[in-house]
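Worksheet: the structure to be examined is printed underneath.
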Amino acid sequence: MNPSDKKLGALRRVMEAQFRANATTNLFTFQAEDAVLSKETVAFAMQEKDGAAGMLPPLFGDESESWKRLAAWMADRLMRHVMRINQFAAMTADEKEQLLRIYADYLDAIGETILAAKDREGLALSLRSLVVRHFFTLRSFFQGIRDAKLFDRLRHSPVLLHIPCFEYTPELQIELLGIDVNKLRTPVLDIGCGMSGSLVRRLQQQGFEAYGLDAFAPDGRGFLRAGWLEFSFQPNKWGTVVSHMAFSNHFQHHHERIDGQPERYAAKYMEILRSITAKGSFYYAPGLPFIESLLPADRFEIRTKRLQDRETGRWLPDERRYAARVTKLG
């Protein structure tokens, strides 16, 4: 391993510990006394101050690629956390760039503080002040993003509230979507495969050519890290496309939002259908009756499967609570 990469990995572990120490902090109700400085951060800073670790000098600075990679990793780490708080929150390209600059500045301030500290006692106080300032910077940032209204419920809550973004088991996804694995056409694309990509991995283990698309897709064979609105779906490429509680869930959300982007989702929905091969299918849940009713019957066949509450066995009453299978007629 490259010595620089080894040091970068060690710094990531320090920053991960610092992140976890404040993971339940609500930025919108945060007070200075709420800031936590992790023991790992303190230990690292003290080692650097005493010259024992020696990590910062070779990594530190705007022109360092390692420094940039660390800032990008930290920004990505926060965006993953935001998705867990509200799965519908999304950032524009400009907002992502702004967040990256925030973390680059934060890292610069940490490095400068450690390298310039005159004594160990003052170092911990200075670092804690940096954490406080960073949190206030993040609060200001999230108050100004396009999807700021999605966090309104957090502005009066002392703890974080979540709109869940679950990782479902492969078996459950296959059951709910009504997929007959024995008749699955390949290649398969899972849109919104999640951070674990469990369905993709399961299909690969069973010998299928399967891929997963997600802004936070894991590393590994067959995974594509991109947002579905930005991804280019090539015509006649996929034998099967699946998306459980992902693309159609967000499409429905934007269809109902006053300031949503339903037109972009509608265009992308049709692009996905064009990317399916003849007799191939797009499986998804929840259903999208407002656009499915517009599909030409001579080109697409639509089948639906009502969903049940798994605990009570009752049919879900909402008209959208069904899984859809749209097949391109050959």
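Every number here is computed from the coordinates shown, using simple stated rules; none is lab data. Note that the coordinates shown come from a computational prediction; the quantities given were computed from them, not determined experimentally. Cβ sites come from the backbone with ideal geometry, for glycine too, and all protein chains shown count toward neighbours.
For an R0 of 25 angstrom, estimate the FRET efficiency from the Cβ-Cβ distance between residue 270 and residue 181 and round to the nearest 0.05.
Efficiency, rounded to the nearest 0.05: 0.40.
Which of 96/305; 183/268; 149/237; 68/268; 149/328 have a Cα-Cα distance over 29 Å? From 96/305; 183/268; 149/237; 68/268; 149/328, over 29 Å: 96/305; 149/237; 68/268; 149/328.
Between residue 197 and any residue 5 or more places off or on another chain, the built amide H atoms are never under 5 Å apart. Between amide H atoms placed 1.01 Å from N, distances below 5 Å from residue 211 occur with 188, 189, 190, all of them 5 or more places distant or on a separate chain.
Per DSSP H run of at least 4 residues, take -39500 (n - 2.57); add these up for the chain, divide by its residues and hand me the 222 nm value, nearest 500 deg cm²/dmol. Kindly include the intermediate steps, with their values, before the conclusion.
Working: 11 runs with 147 residues, N = 330.
Theoretical 222 nm ellipticity from helices: -14000 deg cm²/dmol.
With a/c under 1.5 counting as rounded, go ahead and sort the stretch 170-328 into rounded, prolate or oblate using the C-alpha gyration tensor (a ≥ b ≥ c being the square roots of the eigenvalues; past the cut-off, prolate if a/b is larger than b/c, else oblate). Note, shape of the stretch 170-328 comes out rounded. Close amide H contacts of residue 280 (hydrogens built in the peptide plane, cut-off under 5 Å, sequence separation of 5 or more or a different chain): 328. Using the Karplus relation 6.51 cos²θ - 1.76 cosθ + 1.60 with θ = phi - 60°, the per-residue 3J(HN,Hα) values for the stretch 134-144 come to 5, 5, 5, 5, 5, 4, 4, 4, 5, 6, x Hz, with x marking Gly and Pro. Coupling constants for the stretch 237-249 follow from the phi torsions by the Karplus curve (6.51 cos²θ - 1.76 cosθ + 1.60, θ = phi - 60°), and in residue order they are 9, 9, x, 9, 10, 10, 7, 9, 6, 10, 4, 5, 5 Hz; glycine and proline get x. Taking the C-alpha atoms only, the angle from helix 39-49 to the longest principal axis of the chain is near 50 degrees. With Cα atoms defining each centre, the stretch 241-272 and the stretch 284-305 are spaced 13 Å apart in the structure.
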